[in-house]
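The values are calculated or read from the model by the stated rules, or taken from the named source; none is laboratory data. All figures in this text were calculated on a predicted structure; none of them were measured in a lab. Cβ atoms come from the backbone with ideal geometry, glycine included; neighbour counts cover every protein chain shown. In case anyone asks, the SASA skips ligands and DNA or RNA and just uses the protein heavy atoms, side chains included. Shrake-Rupley method; radii C 1.70, N 1.55, O 1.52, S 1.80 Å.
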Amino acid sequence: MGELSARYSGASFYCYSPLVSADSDAVNGELYGAGVVLVPRLDKAEKILSLDCDFLGYEPVGEDSVAEFARGRKVDDDPAAMNRLYVAEGSFTLTGGSADHRYRTAPSQILPIAILLAGELAAKTGDAGLAAIAEA
């Protein structure tokens, strides 16, 4: 952006994140500090759930989502050590194409799926925060 701004002085840059809201930013700020953005460590994850996020394509979630994900997919001595990718999405993406399990659903169903999963996790872990989300 710096190079483009220098070359084209009248250029403007915009970013649109439909699922990120001021409320989300406020909660993250309260929990972790102002301006903090949570970045998953895909190379450390054993199981990854992507809810309508093409992190291997147009929606990277870290420095290099593809490289981090690929490091977790290596099968060295133990094939069971390889990470697993679960995807629920409305249209076919690179991330969905790489999934071990892909569930095609309408985009309007992503939030209900997330709430259902929050309820299941709350029941298994006793997490009161997840339970509140599931009951809302």
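Residues to consider are Leu117, Leu51; find the one that is touching a residue at least 60 places away in the same chain (Cβ under 8 Å), closer than 21 Å to Ser24 by Cα, open to solvent by less than 60 Å² (accessible area, probe 1.4 Å) and not small (Gly, Ala, Ser).
Every option except Leu51 fails the conditions.
Going through the stretch 22-37 one residue at a time, which ones are surrounded by 10 or more Cβ atoms within 10 Å (Cβ to Cβ) and at pLDDT 75 or above?
If the condition is that a residue be surrounded by 10 or more Cβ atoms within 10 Å (Cβ to Cβ) and at pLDDT 75 or above, then Asp25, Ala26, Val27, Asn28, Gly29, Tyr32, Val36, Val37 are the ones that fit.
Would you pick out the residues in the stretch 120-132 that are exposed (fewer than 14 other Cβ atoms within 10 Å of the Cβ) and either closer than 15 Å to Leu49 by Cα or in contact with a Gly (Cβ under 8 Å, 6 or more places away or on another chain) (or both)?
Glu120
Starting from residues that are part of a helix (DSSP H, G or I) and touching a Phe, Trp or Tyr at 6+ places or on another chain (Cβ under 6 Å), keep the ones in the stretch 64-114 and report whichever is nearest to Val39 (Cα to Cα).
Once the filter is applied, the top-ranked residue is Ser65.
Would you please name the residue that is most open to solvent (accessible area, probe 1.4 Å), looking only at residues in the stretch 1-21 that are hydrophobic (A, V, I, L, M, F, W, C) and either more than 18 Å from the chain's Cα centre (by Cα) or modelled with pLDDT of 75 or more (or both)?
Applying the filter and picking the extreme gives Met1.
Please count how many residues of the stretch 40-58 are of a type outside the set (Gly, Ala, Ser), under 20 Å from Arg84 (Cβ atoms) and either part of a loop (DSSP other than H, G, I, E, B) or modelled with pLDDT under 90 (or both).
Final tally of qualifying residues: 11.
Are there any pairs, at least 6 apart or on different chains, whose C-beta atoms fall under 8 Å, with the first in the stretch 74-94 and surrounded by fewer than 10 Cβ atoms within 10 Å (Cβ to Cβ) and the second part of a loop (DSSP other than H, G, I, E, B), and if so, which?
If the second residue must be part of a loop (DSSP other than H, G, I, E, B), the pairs left are Val75/Met82.
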